[in-house]
Amino acid sequence: MKIDKIYVINLTRDNGEIIKKLNQLPIIDTGYFILDACNGWKVVEGTEQPKFKFKVADWWKIEHEHNFYNREVTPGEIGCGLSHYECVKLGYDEGHETILILEEDWVYNGEWPSDETLNSIPKDWSMFNFARRGMWSENEEEVIGDDLVRVGYSYNNQAYLVSRKGMKEVLDSNYLDNVVVNDEFYPALHGTHNRQDAIDKFHNPEFRYYATRKEYFGQESNPNRDSLTEFTPEYVATLKKPSSVVTSVAIDNILNDSNWDEWSNKYINPQLKNHEYDLITDEPAPHVYVFPLFTKAFCNELIALSETKEWTNGRHEFYPTTDNLLSVLGMENIYNRVINDFVKPYAIHRFQLEGTSWDHLADESFIIKYPFDEQSHLGIHHDFSSITTLVNLNPGEFEGGGTYFPKYKCLVNPKEIGMATLHPGNITHKHGARPTTSGTRYVVVSFITNADHRGFVEKKY
């Protein structure tokens, strides 16, 4: 059996520790991706934006002797379930046939299932677990071979395979409307859960769940450190912070440009500072240039700073956006310096600009957010500027979005954080913002004018 990619859900570990464990596996040549796990506690607190619109299963808590049934779904279980779902979606969207999903606390027991076992998995399989804890009597399972069963009600998903068929079945389910921990979701989807209400919500008769009888992966036993679901909010506060959570100290840093060299070294992409403009530029449409401008630190800290202020939505009469001027955030002078020190020489090079009117650029710069459930998009329009820049601050934390240029039938939606899009503002490059379909998209827009354009504005308006 060929495994196309490994997805590792990681909340607390250093990536180096994860990679060291991956190197123990006999399939290490398989490509891998380490996913920053959704921190359910932060989502519930409102300090981390989930990547999917979801609802927690309000029907889960019942009177029952089973202690997982007689309480609400915990924030940690929410984060765990959403992280597993994201891995499945990534695998499906990337076109893989078979993926391996691992939780950060997996332990490889030093033995891999035999080819005979793996080749014996029925062709209708959706999910295959290397290590699960049974919640059933053994005679309730269908034994297929010496080391292979079709599972009954089982827990533990620290190491399992999903086929493309299974990925689609998960994505076609109504899981996001009924979030429970994935340990409960998969047996319910399989129809072998102990609760009929869970089966009624999720069961797909085409979903086939198999497992080895032998345990090939274990889990580390320190739940205070490693559990994705059960540790306390107090302990979670001490864990590695997600990228979107930034301390007040970090916010103070972004506002401190007293040492410009130090500031720009931290926040400006080094590729741009090297002036190798032709090597770092994509041109997806005529005179639409995409290039790296900011580091991840700048993007994360600016988002955090923006959320300390009240957002507005009435600054633009015809095309209103939910936004804030960078002047309100205390960033006006800093950002204008970025425009003149880094964007201006890039623009002069790309557009072959000439004349003294380009010696100093003025800008109106503002941060916009496009929540999927509020103002998710912006209609086709012109910018009143000489040139416009738009910076993607949080790609990977939303779905949909992007800037669409209808004249060129071109959607620009960079997947790397801190990428800037530069294009002419007036007349030629009408554009709009495609709807955000989940999460919240953050961008910084700058309407940039040169001296000639400012004179025109003063005379006519």
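Which strands (runs of 3 or more DSSP E) sit wholly inside the stretch 367-461 and have at least 1 residues that are modelled with pLDDT under 85?
378-381
Yes/no per residue for (1) under 28 Å from residue 5 (Cβ atoms); (2) of a type outside the set (A, V, I, L, M, F, W, C):
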| residue | (1), (2) |
| --- | --- |
| 145 | yes, yes |
| 149 | yes, no |
| 152 | no, yes |
| 157 | yes, yes |
| 160 | yes, yes |
| 169 | yes, yes |
| 177 | yes, yes |
| 195 | no, yes |
| 211 | yes, no |
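Kindly indicate which of 107, 73, 88 is assigned to a helix (DSSP H, G or I) and either acidic (Asp, Glu) or not assigned by TED's automatic domain parsing to the domain that holds residue 438 (or both).
The match here is 88.
So which residues in the stretch 23-60 are assigned to a strand (DSSP E or B) and among the aliphatic types (A, V, I, L, M), if there are any at all?
34, 35, 56
Pairs please, first residue from the stretch 86-104 and at positive phi, second anywhere and surrounded by fewer than 24 Cβ atoms within 10 Å (Cβ to Cβ), Cβ atoms under 9 Å, 6+ apart in sequence or on different chains.
What qualifies is 95/4; 95/164.
What's the total number of residues in the stretch 296-313 that are surrounded by fewer than 18 Cβ atoms within 10 Å (Cβ to Cβ) and among the β-branched types (Val, Ile, Thr)?
2
Does at least one position in the stretch 5-16 carry a residue that is free of Cβ contacts under 8 Å to residues at least 60 places away in the same chain, in a helix (DSSP H, G or I) and in the same structural domain as residue 123 (by TED's automatic domain parsing)?
Yes - at least one qualifying residue is present in the stretch 5-16.
Out of all the residues in the stretch 76-87, is one or more over 14 Å from the mean Cα position of the chain (by Cα) and of a type in the set (Ser, Thr, Tyr)?
No: zero hits.
Among the residues of the stretch 45-64, write down those that are free of Cβ contacts under 8 Å to residues at least 40 places away in the same chain and crowded, with 19+ Cβ neighbours inside 10 Å.
none
So residue 41 fits all but one of (1) without any contact (Cβ under 8 Å) to a residue 60 or more places away in the chain; (2) under 22 Å from the mean Cα position of the chain (by Cα); what number is the exception?
Among (1) without any contact (Cβ under 8 Å) to a residue 60 or more places away in the chain; (2) under 22 Å from the mean Cα position of the chain (by Cα), residue 41 violates only (1).
Give just the number: which of (1) charged (D, E, K, R); (2) under 20 Å from the mean Cα position of the chain (by Cα); (3) modelled with pLDDT of 90 or more does residue 48 not satisfy?
Among (1) charged (D, E, K, R); (2) under 20 Å from the mean Cα position of the chain (by Cα); (3) modelled with pLDDT of 90 or more, residue 48 violates only (3).
Only residues in the stretch 152-172 that are at pLDDT below 95 count as the first member; pair them with residues that are charged (D, E, K, R) and assigned to a helix (DSSP H, G or I), Cβ under 7 angstrom, at least 6 apart or cross-chain, and list the lot.
152/140; 155/183; 156/183; 157/183
Would you pick out the residues in the stretch 14-41 that are within 25 Å of residue 184 (Cβ to Cβ) and modelled with pLDDT under 85?
Scanning the stretch 14-41 gives a single hit, 41.
Filter the stretch 210-225 for residues that are buried (at least 18 other Cβ atoms within 10 Å of the Cβ) and either of a type in the set (Val, Ile, Thr) or at pLDDT below 85 (or both); which is farthest from residue 101 (Cα to Cα)?
Ranking the qualifying residues of the stretch 210-225, first place goes to 212.
Just wondering, is there one or more residues in the stretch 112-125 that are within 25 Å of residue 26 (Cα to Cα), in a strand (DSSP E or B), out of contact with any Asp or Glu (no Cβ under 7 Å at 6 or more places or on another chain) and at pLDDT below 95?
no
The values are calculated or read from the model by the stated rules, or taken from the named source; none is laboratory data. Computed from a predicted model, the values in this text were never measured in an experiment. For neighbour counting, all protein chains shown are included, and Cβ atoms are generated from backbone atoms with ideal geometry for every residue, glycine included.
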